[in-house]
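For reference, the structure is listed below as structure tokens.
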Amino acid sequence: MIAFQPTSPLETVLSPPLRFADRTYRMVPSETRALFSMAAREDVVSLAGGMPSPEALPAEALRAVLQEVLATEGPSVLQYGSAQGDPVLREQICEVMAAEGVTASPDEVLVTVGSQQALDLVTRVFVNPGDSVVTEGPTYVTALSTFAAHQARIVEVAMDRDGVIPQALADTFALLAGEGRPAKFYYTVPTFQNPTGRVLGADRRKEVLDICRRAGVLVVEDNPYGLLHFGEQPHRALCADAPEGVVYLGSFSKTLAPGLRVGWVRAPRTVTGKLVLAAESAMLSASGLTQRAVSRFLSTTSWQGHLGVARSLYRDRRDAMLAELAATMPDGVSWTVPDGGFFVWLTLPGELDTRAMMARAIGGGVAYVPGTGFHTRGGERNLRLSYSYPSVSQVREGVRRLSDVIRAEAGDGAVRLREAVAR
Ligand code: PMP
């Protein structure tokens, strides 16, 4: 019998010092991650994660299509596939985008492993270390980490209730151009934004496109929530009115299931060509099995019916959250009123810090995401709530608990203030 040796002498010789690339030092875990693991406790209502509702995941329909795909197309879907993605699915993706006014052709589309990968590839293709990327402030947290990992300089532009402030955007572009470092692109989530739930108003859409066109800045429109609208009609995508100036990122994660990891990017042909080359080196090809499953789901199941069920489920939860916020929040707290998507954005009175308050919230049985996660700096007075995952009664309970936490925190703040004045 050979004795087991935990560390061979050779292993010791071959463990060199780890000289990570500069960009690796920009990849840092979010400071709220530890709190998130506590948020998974059973006694905590989590309004933190932006996951789809388990009831909105069509498990049975997907089981059936996966089985059928394997039975009828087994050898081909289990092979390596095209780097650009399944051609039939790319045609169907064009039909999906048509609902938001986009006219696209399948050769402009690349299928990716979620839209997160699309964002990574777009950044890889455009951004050199030190290049400026302009974003809304606040913006999607993992977009910030993607840009940071590519060593971008992230420049935020303020928003109001109708989305990004056009004049502030124009001023930022002018400032960066004046410094000789013009923005490489403007990243925006114009519809039911993560984290605010806001929509860029229709007039502003034209204005923003005009500003970007005049400044010569490419727009990256990230739109995973657009089809989860609570009003009658979807909003018109930016890409619909400026296809040559907009790179559009889409996803089946929120409208079907994130576990499939099927997203896409639609871009002008020259850009798509570069993205396909980048995709080849990143992954060879996306999963043929899940691409064909999505494709078959779209062609054999009522996609509109499924979306209708998801919309009404999320609308009920949004209503529950807004009603409970109105009923329980102390004076001085304000929030956005989303008309689709997953998120509500709260602003607390001046003296409160949502990051510091998180420990009290976990103790009080509720979790949220502090606003600081969505900014390169600032956001202490804000927090993001998500109504997509918890049930209506959990949403109500979570908001009630949060109101108690805010009152207690504000009470302590007032005591601290009195003590400071007395000293
Ligand atoms: N963009 C935004 C704004 C998101 O909220 C998310 C998911 N939270 C993504 C992109 C990535 O989604 P996926 O990779 O699952 O398509």
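What does the charge dipole of segment 206-344 about its Cα centre add up to, to the nearest 20 debye, if the Cβ of each Lys and Arg holds +1 and the Cβ of each Asp and Glu holds -1?
600 debye
As an exercise, take the mean of 1/r over every pair of distinct alpha carbons in segment 234-349, invert it, and state the Kirkwood radius in angstroms.
Taking every pair of different Cα atoms in segment 234-349, averaging 1/r and inverting gives 17.7 Å.
For the chain, what class follows from the C-alpha gyration tensor (a ≥ b ≥ c being the square roots of its eigenvalues): rounded when a/c is under 1.5, otherwise prolate if a/b is larger than b/c, else oblate?
rounded
Which helices, taking whole DSSP H runs in the chain, have alpha carbons extending 15 angstrom or more along the helix axis plus mean Kyte-Doolittle at least 1.6?
none
Out of the DSSP beta bridges found with both residues in the chain, what percent are antiparallel (nearest 5)?
50 percent
Could you identify which residue out of G50, G197, G350 has the top mean-square fluctuation in a GNM of the chain using Cα springs shorter than 10 Å?
G350
Under 5 Å between amide H atoms, partner at least 5 residues away or on a different chain: which partners does F185 have, H built in plane at 1.01 Å?
For F185, whose amide H was placed from the backbone, the distant partners under 5 Å are V134.
Considering the alpha-carbon set of segment 122-242 alone, what are its Rg and its Dmax in angstrom?
13.8, 45
How would you rank 58-71, 331-344, highest first, on the average number of other Cβ atoms within 10 Å across their residues?
Packing order, densest peptide first, comes out as 331-344, 58-71.
Express in whole angstrom the spacing between the alpha-carbon centres of segment 316-353 and segment 373-401.
Each part's Cα centre sits 8 Å from the other's.
Going by amide H atoms built from the backbone, whose H comes under 5 Å of the H on V45, apart from near neighbours?
V366, A367
For segment 61-117, what is the accessible area per residue in Å² when the probe is 1.4 Å?
46 Å²
Please give me the summed charge of the neighbours of N128: other residues whose Cβ is under 13 Å from its Cβ, Lys and Arg +1, Asp and Glu -1.
+3
Of A99, L218, H229, whose Cα points farthest to the positive end of the dipole of segment 91-229 (charges on the beta-carbon: +1 Lys, Arg; -1 Asp, Glu; origin at the Cα centre)?
Farthest along the dipole direction, towards plus: L218.
The values are calculated or read from the model by the stated rules, or taken from the named source; none is laboratory data. Just so we're clear, the structure is a prediction, and the values are computed from it rather than from any experiment. Glycine gets a Cβ as well: all are built from the backbone with ideal geometry, and neighbour counts include every protein chain shown. Note: accessible area is taken over every heavy atom of the protein model, side chains too, but ligands, DNA and RNA are not part of it. Shrake-Rupley method; radii C 1.70, N 1.55, O 1.52, S 1.80 Å.
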